[in-house]
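**Q** First the structure, which I've put down as structure tokens, then a few questions once you've had a look.
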Amino acid sequence: MQNIKIPILMYHSIESMPKSTVMRSLHVPPRRFDFQMKMLKLLGYQALSLKNLKPYLDGKKQGKVVGITFDDGYQNNLINAVPILLKYNFSATCYIVSENLGLSNTWDLDKGITQRPLMTIDEIKAWLSFGMDIGGHTQTHTDLTKISIKAAKREINTSKGDLENTFNTQVTDFCYPFGRFNELISDLVKESGYLSATTMERGIVKSMTNRFMLPRMPINHRTLPHLFLAKILTNYEDRR
């Protein structure tokens, strides 16, 4: 098998937030995101959605590629990230919580984390129309390891079906809420018809990486230029 090493970047919100914001690290300012995408372009990388990245993950295509993912489906992904992605001819996957369309990140309420609007149905359709992709992130952003197998299966399967029916697109990629999973949950995702699942485990994707336990590189408010370049160009993440 071809020896692959592919970074998958994990973003959440692309928005400038005041210093007082709870969990400000979740928010990457648009100017910083623009710089990061510019660096990828200058370094010769093509940034892709998970669906477009799959041939490279499978070793069927070769090239200097990186995956771009956004968790939760924030409205600012459409408003602030899409124009930047289009400027560099990049694509990305946004993982959608199917029962929270047009609402906010309500799963963070008990932690006091700042609430930000999520994309509506029409906004997700716009996201797709720009050549971006969506993935499943369950119905309610629940911790799949803390509910029954029956409930977990429903969260995984129903969200996939609802997204496919609502947006008339094949949803092939999944992301574990809070990054929490185990082998049983991973098997349920595979059985549901997904082709990949991303985690919050840190590292780079290699040839033998389980496609339903894909590691990612977290990019947040504190990812300054030198750290971003270290993540992309060195084995920094594999040492974490």
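**Q** Could you give log10 I(q)/I(0) at q = 0.12, 0.15 Å⁻¹ for segment 1-55, computed by the Debye formula over C-alpha point scatterers of equal weight, without solvent?
**A** -0.40, -0.58
**Q** Follow-up. What length, rounded to one decimal in nm, is gained on full extension from Ile121 through to Lys61, with 0.36 nm per residue of separation minus their alpha-carbon distance?
**A** 18.3 nm
**Q** Among Lys51/Lys146; Lys54/Lys146; Lys150/Lys190, which pairs are too far apart, with a Cα-Cα distance over 24 Å?
**A** Lys51/Lys146; Lys54/Lys146
**Q** Take every Cα pair under 8 Å in the chain that's 6+ residues apart, average their separations, divide by the length, and report that relative contact order as a whole percent.
**A** Computed over the chain, the figure is 22 percent.
**Q** Related question: So what's the chain giving for Cα Rg divided by 2.2 N^0.38 Å, two decimals?
**A** So the chain has a normalised radius of gyration of 0.94.
**Q** Counting helices only, and only those DSSP H runs with n ≥ 4, report the 222 nm mean residue ellipticity of the chain as the sum of -39,500 (n - 2.57) divided by its residues, in deg cm²/dmol to the nearest 500.
**A** The helix-only estimate for the chain comes to -9000 deg cm²/dmol at 222 nm.
**Q** If you don't mind, there's one more thing I want to ask. In whole Å, how far is the Cα centre of segment 131-192 from that of segment 29-72?
**A** If we compute the Cα centre of each part, the gap is 23 Å.
Every number here is computed from the coordinates shown, using simple stated rules; none is lab data. Keep in mind that this is a model prediction, so the values were computed, not measured.
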